[in-house]
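Heads up, the thing below is written out as structure tokens.
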Amino acid sequence: GAVVSQHPSWVICKSGTSVKIECRSLDFQATTMFWYRQFPKQSLMLMATSNEGSKATYEQGVEKDKFLINHASLTLSTLTVTSAHPEDSSFYICSARDLAGDHEQYFGPGTRLTVT
Amino acid sequence: AQKITQTQPGMFVQEKEAVTLDCTYDTSDQSYGLFWYKQPSSGEMIFLIYQGSYDEQNATEGRYSLNFQKARKSANLVISASQLGDSAMYFCAMREYSNTGKLIFGQGTTLQVKP
């Protein structure tokens, strides 16, 4: 099956710094990638939809200036958490849809962010 | 707006028995897809099964089957012959094909399989 990777798998950063998370589709092309956030024992909350070569579409309530999303190629999308605060600590998961596929959406393994 | 509801925060099942995880949805679209994912403690999202809104037959994948009742807007997951490795969080999700194809998730159900 198709593989989506995320890097890093976990990161600890200090409050006020920025952190970049990469999401790559390894063996397929993805025009659309999605970024989710998940707090412990809760559901995945969609943050934004990322389209290759265009601006991301953010869900209501998600600060676009705080969560910068770039989708520069068909295999790479990045999420940058700017000026991170402890409340940004969460599990961030990306997913991608295969251009050539039908309904499947493939998920990355997630990135656990801890802001101290 | 699309909405997915899972009303069972936690479920227990005895090993080798079957269990049903409930999922109801709300949408005004005619074309949509329903998904079930398993999330073990490692955090990875594992795709289990898919049902399209126009599919007349209930989807099955090995020990997983989806009880799709379109008129009632329900898409329950049935796991047969439960195994200890089935203990995980299970999410129901829906995609409206007219709406960027984004996948929206229900609240999740934590399933624990007892030996």
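The values are calculated or read from the model by the stated rules, or taken from the named source; none is laboratory data. Every value quoted in this text rests on a predicted model; they were computed, and no experiment measured them. Neighbour counts are summed over all protein chains in view; Cβ atoms, including those assigned to glycine, are modelled from backbone coordinates with ideal geometry.
Could you count how many residues in the stretch B:86-110 are among the hydroxyl-bearing types (Ser, Thr, Tyr), free of Cβ contacts under 8 Å to residues at least 60 places away in the same chain and more than 10 Å from chain A (Cβ to nearest Cβ)? Within the stretch B:86-110, residues that are among the hydroxyl-bearing types (Ser, Thr, Tyr), free of Cβ contacts under 8 Å to residues at least 60 places away in the same chain and more than 10 Å from chain A (Cβ to nearest Cβ) number 1. Could you tell me whether the stretch B:6-14 includes any residue that is polar (S, T, N, Q), away from chain A (no Cβ under 14 Å) and either surrounded by fewer than 18 Cβ atoms within 10 Å (Cβ to Cβ) or closer than 16 Å to residue A:44 by Cα (or both)? Among the residues of the stretch B:6-14, at least one is polar (S, T, N, Q), away from chain A (no Cβ under 14 Å) and either surrounded by fewer than 18 Cβ atoms within 10 Å (Cβ to Cβ) or closer than 16 Å to residue A:44 by Cα (or both), which makes the answer yes. Every test in (1) modelled with pLDDT of 90 or more; (2) within 23 Å of residue B:49 (Cβ to Cβ) is passed by residue A:68 save one, and that test is (2).
Return a yes/no flag: does the stretch A:14-33 have any residue that is under 22 Å from residue B:33 (Cα atoms), at the interface with another protein chain (Cβ under 10 Å from one of its Cβ atoms) and modelled with pLDDT of 95 or more. No: zero hits.
Looking across the stretch B:71-85, the residues that are surrounded by 13 or more Cβ atoms within 10 Å (Cβ to Cβ) and either without any contact (Cβ under 8 Å) to a residue 40 or more places away in the chain or under 11 Å from the mean Cα position of the chain (by Cα) (or both) come down to B:74, B:75, B:76, B:77, B:78, B:79.
Looking at B:20, B:60, B:24, which is the one that is away from chain A (no Cβ under 14 Å), free of Cβ contacts under 8 Å to residues at least 12 places away in the same chain and of a type in the set (Ser, Thr, Tyr)? Outline the logic, then answer.
Working: B:20 fails: free of Cβ contacts under 8 Å to residues at least 12 places away in the same chain; B:24 fails: free of Cβ contacts under 8 Å to residues at least 12 places away in the same chain.
The unique qualifying residue is B:60.
Of the set (1) in a strand (DSSP E or B); (2) over 22 Å from residue A:106 (Cα atoms), all apply to residue B:38 but (2).
With the condition kept exactly as written, say whether any residue in the stretch A:40-52 is more than 10 Å from every other protein chain (Cβ to nearest Cβ) and of a type in the set (Val, Ile, Thr). No: the stretch A:40-52 contains no residue that is more than 10 Å from every other protein chain (Cβ to nearest Cβ) and of a type in the set (Val, Ile, Thr).
Kindly indicate whether any position in the stretch A:81-102 is basic (Lys, Arg), in a loop (DSSP other than H, G, I, E, B) and within 12 Å of chain B (Cβ to nearest Cβ). Quick ask: steps written out before the conclusion?
Going through the stretch A:81-102, the residues basic (Lys, Arg) turn out to be A:97.
Then keep just the ones that are in a loop (DSSP other than H, G, I, E, B); that gives none.
Looking through the stretch A:81-102, none of the residues is basic (Lys, Arg), in a loop (DSSP other than H, G, I, E, B) and within 12 Å of chain B (Cβ to nearest Cβ).
Looking across the stretch A:1-49, the residues that are out of contact with any Phe, Trp or Tyr (no Cβ under 8 Å at 6 or more places or on another chain), under 11 Å from residue A:96 (Cα atoms) and assigned to a strand (DSSP E or B) come down to A:5, A:24, A:32, A:33, A:34. Every listed requirement among (1) under 21 Å from residue B:107 (Cβ atoms); (2) at pLDDT 95 or above; (3) aliphatic (A, V, I, L, M) is met by residue B:1 save one, (2). Residues in the stretch B:32-54 that are within 11 Å of chain A (Cβ to nearest Cβ), over 20 Å from residue A:93 (Cβ atoms) and either exposed (fewer than 13 other Cβ atoms within 10 Å of the Cβ) or of a type outside the set (S, T, N, Q) (or both): B:32, B:52.
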